[in-house]
Amino acid sequence: MTNPQNRATAIAHPNLAFIKYWGNRDDRLRIPVNSSVSVNLDGLQTQTTVEWGVDADSLILNGNYETGRALERVSAHLDVIRERLNLSMRASVLSANNFPMGTGIASSASSFAALTAAAVAAAGAQLSERELTTLARRGSGSASRSVPSGFVQWNKGDSHETSYADTIAAPDYWDIVDVIAVVSGSHKAVGSTEGHQSASTSDLQAGRVAGADERLRICTEAILSRDFIAFAEVVELDSNLMHAVMMTSRPPLFYWLPATLAIMEQVRRWRADGLQVCYTLDAGPNVHCICVRKDADQVKDGLKLMSGVLNVLTAPPGGPTKLLDKPTE
Ligand code: PMV
């Protein structure tokens with residue numbers, strides 16, 4: 001141990017995928033069937049402090065002592081880190097999200113990215129960013145993409161070591177904003193871990209996966225050349241394909257609410273009228289409206305007027321997972 005306090009704190013942002021991760025070739029190692037691309041969301045964050053050397057693993061999440069599945073998942077992730085660092089100690093984990101309560105924004109990516117970085121640093125170990133992405137991936141696949149900065153690609157790989165994430169462009173490379181229309185704050189009924197496991201039961205998954213490399217190529221090129229029109233088309237297509245797989249899985253997964261579809265239609269109308277905006281959805285009904293900075297206020301104001309919209313959040317591109325010298329309040 002070269003960290004005498006056995007304790008460290010990290011913060012991480014959630015991320016939004018433009019080309020989605022849906023389905024694993026190895027569920028235990030969370031090695032995905034296709035590569036994906038995302039952007040970190042600035043302003044939204046998870047802060048996690050890990051302290052090794054206590055009697056038993058424990059978890060305080062947003063001020064509540066957790067037992068049951070939440071603690072089991074964190075403890076299983078600590079096992080992965082214990083194995084890698086050859087540790088036998090138990091850890092206490094204190095974690096909090098700053099996302100406004102009840103927004104339904106998925107927190108597993110920022111949670112497992114921050115947990116991984118804090119647990120490794122608390123043990124006094126220094127690992128490469130690439131290895132941290134592979135460890136974070138074991139907790140939640142998309143957590144691998146919250147470790148590096150800005151616009152990030154997660155290369156699917158075919159083993160634990162080769163399935164890693166890397167920055168493709170810094171946060172300030174392209175001035176886009178995620179304007180999030182929150183239409184439900186409730187916890188999703190079927191989480192993504194179960195969703196990944198049922199993806200292959202859809203007849204459409206093979207077609208979605210077959211075209212994923214090409215969509216990723218188009219998306220990356222559009223980001224690097226800041227070509228919003230090409231970007232919008234491929235991002236909406238990729239989201240629609242993932243939701244088509246979800247809806248045709250057995251049993252089917254329907255995440256949309258009536259307001260979800262109304263917003264998607266409105267976004268397409270705004271784009272036809274000249275605004276640079278497009279939509280994408282994760283495993284939930286909230287709609288991420290990605291737009292160029294100059295159109296963000298107009299999109300935000302328009303969304304606020306729509307029925308079924310409970311709240312609107314905005315997030316520009318964010319930086320990497322970072323260690324803090326000491327926890328903030
Ligand atoms: O990392 P997970 O298991 O929470 O899966 C994330 C799945 C989606 O958010 C729906 C897509 C993605 O690529 O982030």
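Which residues, counting only those in segment 278-324, are free of Cβ contacts under 8 Å to residues at least 60 places away in the same chain and open to solvent by less than 40 Å² (accessible area, probe 1.4 Å)? The answer is C278, Y279, L281, D295, G302. Scanning segment 15-38 for residues that are part of a loop (DSSP other than H, G, I, E, B), more than 9 Å from the ligand (Cβ to nearest atom) and in contact (Cβ under 8 Å) with a residue 60 or more places away in the chain gives G23, D27, L29, V33, N34, S35.
Which of the residues belonging to segment 145-166 are without any contact (Cβ under 8 Å) to a residue 60 or more places away in the chain, part of a loop (DSSP other than H, G, I, E, B) and either within 15 Å of the ligand (Cβ to nearest atom) or of a type outside the set (S, T, N, Q) (or both)?
Here is the first cut: in segment 145-166, the residues without any contact (Cβ under 8 Å) to a residue 60 or more places away in the chain are 161-162, 164-166.
Applying the additional criterion that residues be part of a loop (DSSP other than H, G, I, E, B) yields 161-162, 164.
Correct list: E161, Y164.
If you go through segment 125-140 and keep only what is within 14 Å of the ligand (Cβ to nearest atom) and open to solvent by 30 Å² or more (accessible area, probe 1.4 Å), you end up with just R138. Being crowded, with 19+ Cβ neighbours inside 10 Å, touching a Cys at 6+ places or on another chain (Cβ under 7 Å) and modelled with pLDDT of 95 or more, is that true of even one residue in segment 34-47? There is at least one residue in segment 34-47 that is crowded, with 19+ Cβ neighbours inside 10 Å, touching a Cys at 6+ places or on another chain (Cβ under 7 Å) and modelled with pLDDT of 95 or more. When segment 184-203 is limited to residues that are within 16 Å of the ligand (Cβ to nearest atom) and assigned to a loop (DSSP other than H, G, I, E, B), the one that is farthest from R137 (Cα to Cα) turns out to be S184.
Residues in segment 77-101 that are open to solvent by 50 Å² or more (accessible area, probe 1.4 Å) and either modelled with pLDDT under 95 or small (G, A, S) (or both): S88, N98, P100, M101.
For G274, the conditions (1) part of a loop (DSSP other than H, G, I, E, B); (2) touching a residue at least 12 places away in the same chain (Cβ under 8 Å); (3) more than 16 Å from the ligand (Cβ to nearest atom) all hold with the exception of (2). Can you tell me which residue is farthest from the chain's Cα centre (by Cα) among those in segment 226-269 that are under 20 Å from F18 (Cβ atoms) and of a type in the set (F, W, Y)? Filtering first and then ranking leaves F228. Inspect segment 277-299 for any residue being away from the ligand (no atom under 16 Å from the Cβ) and part of a loop (DSSP other than H, G, I, E, B) and give the result as yes or no. No, the conditions are met nowhere in segment 277-299. Considering segment 305-325 alone, what residues qualify as being of a type in the set (A, V, I, L, M, F, W, C) and either within 13 Å of N15 (Cβ to Cβ) or not in a strand (DSSP E or B) (or both)? Passing the criteria: L305, M306, V309, L310, A315.
For segment 67-76, what are the residues that are more than 15 Å from V50 (Cα to Cα) and open to solvent by less than 50 Å² (accessible area, probe 1.4 Å)? Hits for segment 67-76 are G68, A70. Within segment 116-133, the set of residues being out of contact with any helix residue (DSSP H, G or I) (no Cβ under 7 Å at 6 or more places or on another chain) and without any contact (Cβ under 8 Å) to a residue 60 or more places away in the chain comprises Q126, S128, R130, E131. Under the condition of being under 13 Å from D26 (Cα atoms) and loosely packed, with under 14 Cβ neighbours inside 10 Å, the residues counted in segment 195-209 number 1.
Identification of helices (runs of 4 or more DSSP H) wholly contained in segment 39-144 with 1 or more residues that are under 28 Å from A170 (Cβ atoms) and not β-branched (V, I, T) yields 108-122, 129-139.
The values are calculated or read from the model by the stated rules, or taken from the named source; none is laboratory data. Every value quoted in this text rests on a predicted model; they were computed, and no experiment measured them. Cβ sites come from the backbone with ideal geometry, for glycine too, and all protein chains shown count toward neighbours. Side chains included, ligands, DNA and RNA excluded: accessible areas come from the protein's heavy atoms. Shrake-Rupley method; radii C 1.70, N 1.55, O 1.52, S 1.80 Å.
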